[in-house]
């Protein structure tokens, strides 16, 4: 995560952030099993023993990486999007998740393999990162259906399907930028996917 730290950040907090960035890079490159605390300390520019003042082991580091992502709340984006029409809502969520994945590429790369094998990590990821998107999507869709602006549907099917595809596609686009739609801009992707989610492959109403 390439973001400047506040001038008020303490030296200990800055060092901790540097360790997390180094851990994300090393874990992403070598995988959880092959990476060592010594390698992470070296990448962070600290003595091997110093890293243990902040993290007892690799698992603590891995969970801290997950917490770093979790604390980047999407709540305000979701709240702001609720007042928009369906196209605006979907586009806002897409932009937010694409930006989130790109800004946190190293952290996601470190986590992606471990999420499927570590129950505690999987619980944090799905309840704290995926959960708010699902809840917001269900609330929004219910309101739009009640107002007659969208057709009735199985919300418990539609929301996870759309949200899941947004999250996975955003992550893959960040992790494999040279292989997945490399020549497609974010705005083109957002526009095309928004239309796909709302209208399928049928013409838009004004195009019929």
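A Gaussian network model of the chain, with springs between Cα atoms under 10 Å, assigns the largest mean-square fluctuation among 188, 112, 167 to 188. Note on the chain: GNM, Cα springs under 10 Å; of 98, 155, 40, the largest mean-square fluctuation is that of 155.
Rounded to the nearest angstrom and listed largest first, the equivalent-ellipsoid semi-axes of segment 53-208 from its Cα gyration tensor are 31, 18, 13.
Axis of helix 186-199 versus longest Cα principal axis of the chain: the two differ by about 40°, to the nearest ten degrees. Residue exposure proxy: 54, 89, 199, ordered by other Cβ atoms within 10 angstrom of their Cβ from fewest to most, comes out as 199, 54, 89. Over the residues of the chain, the helix contribution to mean residue ellipticity at 222 nm works out to -20000 deg cm²/dmol, using -39500 (n - 2.57) for each DSSP H run of at least 4.
Taking N as the number of residues in segment 58-134, what is its Cα Rg relative to 2.2 N^0.38 Å? The reported ratio for this selection is 1.18. The C-alpha atoms of the chain define a longest principal axis, and helix 58-70 lies at about 40 degrees to it. Under a Gaussian network description of the chain, with springs only between Cα atoms under 10 Å, the residue in 63, 134, 150 that fluctuates furthest is 150.
I need 79, 9, 68 ordered by Cβ neighbour count within 10 Å, fewest first.
Values: 79 10, 9 13, 68 17.
With the fewest neighbours first, 79, 9, 68 line up as 79, 9, 68.
Taking the chain as the reference, fit the longest principal axis to its C-alpha atoms, fit the long axis of helix 131-146 to the helix C-alpha atoms, and give the angle between the two in degrees, 0 to 90, nearest 10. Helix 131-146 and the main axis of the chain meet at about 10 degrees. One chain, two ends: residue 85 and residue 42. Fully extended at 0.36 nm per residue, the span grows by 10.5 nm beyond their Cα-Cα distance.
Each value in this text was obtained by applying a stated rule to the coordinates, not by laboratory testing. On a predicted model such as this, the values are computed, not experimentally measured, just so you know. All Cβ positions, even for glycine, are placed from backbone atoms using ideal geometry, and neighbour counts span all protein chains on display.
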